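> First the structure, which I've put down as structure tokens, then a few questions once you've had a look.
The numbers here are math on the coordinates, done by the rules we state, and not lab data. Treat the numbers as computed from the prediction; the structure is a model and nothing was measured. Every residue, glycine among them, receives a Cβ derived from its backbone with ideal geometry; neighbour counts consider all protein chains shown.
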Amino acid sequence: MDKQLPNFKHMTGQDGKVYGIYDTVTSVNPYNCYFIVKYPDGRVIKGNNLFDTGWDDIPNGFTELSYVLSTGKIIPIPKFKAYLPLIECSLGVDGSRIFHSINVKCLEPNSLQVWKIILKQDNLNTRFKIGDVILGREPLPKHLNKSWKYTS
Amino acid sequence: MAVTISTSFYEYDTPDWHDLSTVVFTSPNMVSPNTAGTRSHILPGELPLATWYEIVGENMWRIYNRQIASIESFYPAVDPATTVSGFDIRNSIVFEVTNGENYDNRLTAWDSVTHSSTNNYLISTDRVKASCANYSWSGGTEDAPVTVKYGGSVDPETLEPENPFAPQYNITLKGNTTISGVEQYYGDWDMIYSLPTSGRQGDYLIVRPWLDNITASVPYGVHDFVITLHYSYT
């Protein structure tokens with residue numbers, strides 16, 4: 001994935017600004033957001049960033065999953081049978097890019113619980129802030145693809 | 001896994017593919033190609049606008065001379081009641097997944113690079129339109145997607161059942177809005193890259209953007225907006 005962000009200004013270690021005509025968006029710094037998984041034998045694997053997360057490369061069998069945002073906030077995800085974290089973003093034909101959320105789909109016996117971690121906030125829609133978590137529920141998918149990772 | 005998506009358009013007179021930087025609707029009364037960023041003053045309703053596609057810092061090409069194109073056999077028709085023949089690379093933008101896979105794709109338009117507001121005259125008055133189709137191909141020959149991606153024209157309907165999501169014509173693009181049950185975007189569907197040698201190629205999204213009802217009622221000024229592809233990946 002192209003890691004250029006032509007629409008971001010004043011990028012710091014914590015966040016970056018995107019200036020629109022009527023709106024200003026504050027976003028996490030996507031280069032500094034990653035997951036951490038811990039295994040029963042003490043191993044810890046840290047993900048990369050929001051462009052290339054590294055999720056598909058980790059083995060099954062971990063016991064803990066958490067997300068670290070560039071703001072420093074750590075969001076632990078409760079233990080479920082399996083997880084599928086999806087990065088939700090939008091790409092403009094002009095190359096502009098906004099990271100909206102990380103949607104962690106968590107497998108339960110009869111449904112999915114979805115942990116939606118907010119990655120941006122703006123001055124028009126002030127309902128949610130960076131780091132907020134919105135819980136939702138979805139029906140079980142027909143198939144669990146190879147990107148699903150199982151806990152120990 | 002991470003996904004890579006290219007966005008390109010085809011310049012027909014001096015045939016070549018270019019990476020797209022922006023879509024411009026301005027006067028047809030300039031030579032093509034022209035320097036990227038060139039704009040011509042034109043009063044709303046005075047002349048039909050032309051559609052130009054532009055590369056960062058280089059050239060822009062006039063893709064089509066008018067906003068209203070209901071008679072060309074290979075162009076998505078403006079009148080929803082008109083029979084639609086299909087898409088043509090000469091008027092369209094192609095999104096191509098070149099690595100990985102992405103889910104819940106949605107094509108829409110926002111007011112600016114914040115991708116967060118529809119506070120824009122053209123968007124809020126339902127003037128931003130597009131015809132869209134996504135497709136892949138496993139028909140036993142590699143010619144069909146090549147036709148779409150590299151040279152000719154084809155009705156995406158004929159590519160079924162490889163179409164994971166039905167084509168839509170002349171839809172309004174307005175953020176994530178749904179009005180009276182009608183979605184103001186094209187989506188949601190998944191795209192997966194597959195090697196051309198696998199017998200299945202893709203996935204692609206082909207889009208023809210246009211503006212509706214640019215009459216004297218449109219206020220004078222610049223009405224920039226951004227067409228975006230919204231998606232998820234691991």
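> Could you tally the net charge around A:Gly136, taking each other residue with its Cβ under 11 Å from the Cβ of A:Gly136, Lys/Arg +1 and Asp/Glu -1?
+2
> With springs only between Cα atoms under 10 Å apart, run a GNM on chain A and tell me which of A:Leu107, A:Leu119, A:Leu140 wobbles the most.
Highest fluctuation among the options: A:Leu140.
> Something else about it: For chain A, calculate the relative contact order in percent as a whole number, restricting contacts to Cα pairs under 8 Å that are 6 or more residues apart. Walk me through the numbers before you get to the answer.
Working: 335 pairs, mean separation 31.8, N = 152.
It comes to 21 percent, rounded to a whole number.
> Residues with beta-carbon under 12 Å from that of B:Glu54, excluding B:Glu54: net charge, scoring Lys, Arg +1 and Asp, Glu -1?
Charge balance near B:Glu54 sits at -2.
> What average count of beta carbons from other chains do you get within 10 Å of the Cβ of residues in A:50-56?
Mean shielding count: 4.
> Work out from phi, with θ = phi - 60° and the Karplus expression 6.51 cos²θ - 1.76 cosθ + 1.60, the ³J(HN,Hα) of each residue of the stretch B:52-57, listed in order in whole Hz, and give x for Gly and Pro.
10, 10, 10, 9, 4, x
> Shielding by partners for A:79-92, please: the mean number of other protein chain Cβ atoms within 10 Å of each residue's Cβ.
For this peptide, the per-residue mean of nearby foreign Cβ atoms is 5.
> Near A:Gly95, within a Cβ-to-Cβ distance under 13 Å, what is the net charge of the other residues, with Lys and Arg +1 and Asp and Glu -1? Display every interim value, and only then the final one.
On the way: positive: A:Lys3, A:Arg97; negative: A:Asp2, A:Asp94, B:Asp19, B:Glu54.
Computed value for this residue: -2.
> Separate question: Obtain the nm distance between the two label points defined at B:Asp188 and B:Tyr12 by a simple spin-label model: each point lies 7 Å from its Cα along the Cα-to-C-beta direction.
Going by the 7 Å Cα→Cβ label model, 3.6 nm.
> Once you place label points 7 Å from the Cα toward the Cβ at B:Leu43 and A:Lys46, how far apart are they in nm?
6.4
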